[in-house]
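Take a look at the structure set out below.
Bear in mind these aren't lab numbers, they're just calculated from the coordinates by the rules spelled out. Just so you know, these numbers come straight off a predicted model, no measurement behind them. As a convention, Cβ positions derive from the backbone with ideal geometry for all residues, glycine included, and neighbour counts pool all protein chains shown.
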Amino acid sequence: MQLLYIPDTYLLFLNYLALLRRTTFAIMSSFRKALKSRQKNHHERSQPGFRKHLGLLEKKKDYKLRAVDYHKKQNTLSALRKKALDKNPDEFYYKMINTQLQDGIHVAKKEGEEDEITEEQKKVMRTQDIKYVEMKRVAEARKIERMKGELHILEADGKQKNHHTFFVDSKKEVQSFDLANHLNTVPELVDRVFNRPTLKTLETKSIQGAVEPRTMMKLAKQRNHQYKILSQRIDREKKMFVIGQKIQTRKDLQDKNKKVKVKKETHSAAAIYKFDVKRKR
């Protein structure tokens, strides 16, 4: 029998190679098992035959849809509950008195179920309406007077409504008539309706106010806007006057006196009635 001497380093090297071979084989086998081509598709089981009378078996996708819908409804209920808790107890809606509960459902009241209003109550309501309309009309009239005082009742474009006529003695004077000389002012200020100083005033004092064309155009635009507002207020005051007359006519018609219609109601005027004279005792 022959004995061979093997160094320790060589034995360690052989052990390392064996270990490396086993590790490589294990890694390759795990990769082989992880290949998708060798995997089987996982299918959820269907409803067993003895339970088919219960319907289809719920799958995960069906459960997810049901869960999402359930949580959505729960969130809505919690939000409504919070809104009800935060609601002001003194809050009022007209439907609180115009609806009633029938079988747990809010139903609007019918016309016959509404509270009846007597003729006396209607007269009081008409009187209150007349007072309110008259108050608003008076306030509008005061604003109109104030604006008229500020605008001096002048045209918005700075031109006069009427013509100013000058009388001379002969035709020769008509041909040689100088308007600026006659008004004792400069020719640039002849077309002005207001703020038209004389030559003496211009010599002694400086012109106050806008002089530049751009500033004058801006002021003219503002004046046009003010005249537009004034016109709207005048129309509004006239409409309120007509509304007050119509309300007063309807209030008078509630009396049981004999009456005859003289003139029909129009857009700009109330109807006219002739009442029989009733002697007061």
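For Thr201 and Lys148, a Förster radius of 22 Å and the Cβ-Cβ distance give a FRET efficiency of 0.25, rounded to the nearest 0.05. Projected label points at Tyr273 and Asp169, each 7 Å from Cα along the beta carbon direction, are separated by 7.0 nanometres. For the residue pairs Lys136/Lys238; Lys143/Lys228; Lys123/Lys246; Lys239/Lys259; Lys131/Lys261, the C-alpha atoms sit more than 20 angstrom apart in Lys239/Lys259; Lys131/Lys261. Cross-link reach is defined here as a Cα-Cα straight distance under 21 Å, omitting same-chain residues fewer than 8 places apart; for Lys172 none of the lysines meet it.
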